[in-house]
Amino acid sequence: MSIEGEIRIELQCQDDRVNQVVINSTRPLNLPKIFHGKAVDELLTMIPMLYSICATAQSSAAVKACRQATGITADWRIHLLEQMLVNVETAREHLWRIMSDWSSHSETALSRDHLATLATLMSDARQACFQQGDSFTLQPSISFDAAAIESIIQRIDQLCHEKIFAVSPAEWYQLEDQRAFNHWLDKCDTLAAALLRDLRDQTQSDSGDWGVEPLPSLDHRKVCRRLSETDADDFISAPDWQGQIYETGPLTRQLSHPLIEQLMQPYGQGVIPRLVARLLELASIPAKLTRQLSRLKGTSDSIERHHDTELSQQGLGEVEAARGRLFHRAVQQDGVIRQYQIVAPTEWNFHPRGVVCQGLKSLSAKHQKQLMQQAELLIGAVDPCVGFQLELR
């Protein structure tokens with residue numbers, strides 16, 4: 001088992017239906033306690049090494065929390081470049097998940113060139129934005145290369161076009177009704193289309209509303225207050241907000257897209273809308289990066305750096321990572337970390353009574369193998385970001 005731990009899920013069945021779900025986690029949720037007593041700069045260096053999955057989003061949340069706790073206000077261009085790096089990582093995570101996990105449904109093989117593009121995407125993006133080794137520090141030095149960023153956007157766009165959509169991502173994002181979506185499924189033979197076509201042909205409908213709402217915007221002061229309470233570890237391992245369990249991730253971010261609204265009518269909150277939401281988010285990223293790059297072009301002002309006169313000594317960083325919303329809380333004194341906590345999207349989505357639990361309870365099948373396949377698809381569609389073990393009893 002890796003340092004990231006895993007999710008263990010047990011399904012108990014009766015009369016060909018899942019009637020009970022038990023979810024346990026071995027994720028090292030107390031790991032941030034090793035930062036206590038470390039210098040803030042040392043913490044920022046350690047974060048991407050310890051949290052290799054979505055390391056960019058983790059670093060972004062960490063530096064936001066630490067800047068706030070130390071009273072440092074970064075220039076708006078630094079914030080924008082850091083957000084662009086998170087967007088590049090989200091594209092890479094979605095592409096990797098689709099190209100590796102969905103490949104069994106297509107005869108199209110992954111080429112070395114495609115894998116190389118994914119492997120070098122983040123390092124190339126960091127080099128295009130900041131001086132070597134200076135990304136996600138308290139006061140980084142910008143080394144902004146517009147041509148290099150444009151090349152990265154083109155690489156993402158091309159990979160999406162060739163391997164995922166068979167049209168430009170911008171064109172695919174304009175699919176707004178189920179008829180156009182079905183036409184694309186029937187005419188296209190990419191990894192994504194092959195899997196979704198199989199699912200559509202096997203799925204009549206899903207069981208509708210699983211009773212889990214999207215995670216709303218949370219007041220940072222209230223989140224900090226909740227994390228300062230004596231039972232904060234319980235909240236981190238199984239978070240709720242004011243007694244309500246929520247979901248966070250691509251589906252909740254794409255709920256307003258017309259295609260998702262239509263697909264949720266026959267398929268509820270099931271696998272098909274969730275996979276399509278991931279595709280929509282991926283399709284939106286090249287255009288989003290292009291808009292962000294346009295904001296940066298033509299700005300030659302000097303970078304503004306200053307400290308707030310009054311230090312709160314604590315800060316909360318919030319980032320929309322590939323799999324959902326991520327929070328980091330830092331408490332420091334004289335540049336030394338006194339308390340550090342992380343609330344990750346996996347703990348919302350794989351809460352013992354959360355969206356995965358409710359979705360698994362909706363499953364039924366005549367054969368054990370079929371039930372396991374349904375469960376694995378559902379878990380993968382929500383995506384725990386770590387490995388999982390599934391047991392049927």
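The values are calculated or read from the model by the stated rules, or taken from the named source; none is laboratory data. Values in this document were obtained by computation on a predicted structure and should not be read as measured data. Quick reminder, even Gly has a Cβ in these numbers, built from the backbone with ideal geometry, and neighbours come from all protein chains shown. Note: accessible area is taken over every heavy atom of the protein model, side chains too, but ligands, DNA and RNA are not part of it. Shrake-Rupley method; radii C 1.70, N 1.55, O 1.52, S 1.80 Å.
For region 34-49, indicate whether the set of residues that are among the hydroxyl-bearing types (Ser, Thr, Tyr) and at pLDDT 95 or above is non-empty. Taking every residue of region 34-49 in turn, at least one turns out to be among the hydroxyl-bearing types (Ser, Thr, Tyr) and at pLDDT 95 or above.
Does Ala147 satisfy being open to solvent by less than 50 Å² (accessible area, probe 1.4 Å), assigned to a helix (DSSP H, G or I), farther than 23 Å from Ser103 by Cα and without any contact (Cβ under 8 Å) to a residue 60 or more places away in the chain? Judged against the criteria, Ala147 is not a match.
Yes or no, residue by residue, for (1) more than 17 Å from the chain's Cα centre (by Cα); (2) crowded, with 18+ Cβ neighbours inside 10 Å; (3) closer than 28 Å to Ala194 by Cα:
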residue: Asp15; (1), (2), (3): yes, no, no
residue: Phe35; (1), (2), (3): yes, yes, no
residue: Met46; (1), (2), (3): yes, no, no
residue: Ala55; (1), (2), (3): no, no, no
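If only residues of region 244-297 that are assigned to a helix (DSSP H, G or I) and β-branched (Val, Ile, Thr) are counted, the one that is most open to solvent (accessible area, probe 1.4 Å) is Thr290. Residues of region 265-310 that are of a type in the set (Val, Ile, Thr) and modelled with pLDDT of 90 or more: Val271, Ile272, Val276, Ile285, Thr290.
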